[in-house]
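A short worksheet on the structure shown next.
Just so you know, all these numbers are worked out from the coordinates, no wet-lab data involved. Please read all numbers here as calculations on a predicted model, not as lab measurements.
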């Protein structure tokens with residue numbers, strides 16, 4: 001029988017180590033992507049604010065950047081699913097604001 005009851009202790013330990021590595025990688029990915037998108041959104045907001053765009057455009061970029069920064073914080077704390085959804089919302093807000101250009 002090949003079940004968990006007949007597994008070697010080292011197999012179980014390797015499985016847990018793999019899960020821990022996957023979780024760590026997910027946290028780093030979520031926090032890194034959130035920080036990168038937040039910086040890109042702030043840079044776009046600054047560039048759009050310097051131009052002759054309507055005020056809604058840089059505001060949308062700045063708000064999207066704040067949402068992405070919140071996603072980075074949540075991702076670093078292990079809330080990677082919520083961070084993913086916040087990243088999607090943040091980018092959508094930035095894209096929506098860009099439509100008013």
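Results, tabulated for the structure shown:
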| read-out | value |
| --- | --- |
| Segment 29-98, relative contact order in percent, only Cα pairs under 8 angstrom and at least six apart counted | 40 |
| Whole-Å distance, taken between Cα centres, linking segment 17-51 and segment 62-101 | 9 |
| Cα radius of gyration and Dmax for segment 29-98 (Å) | 11.9, 40 |
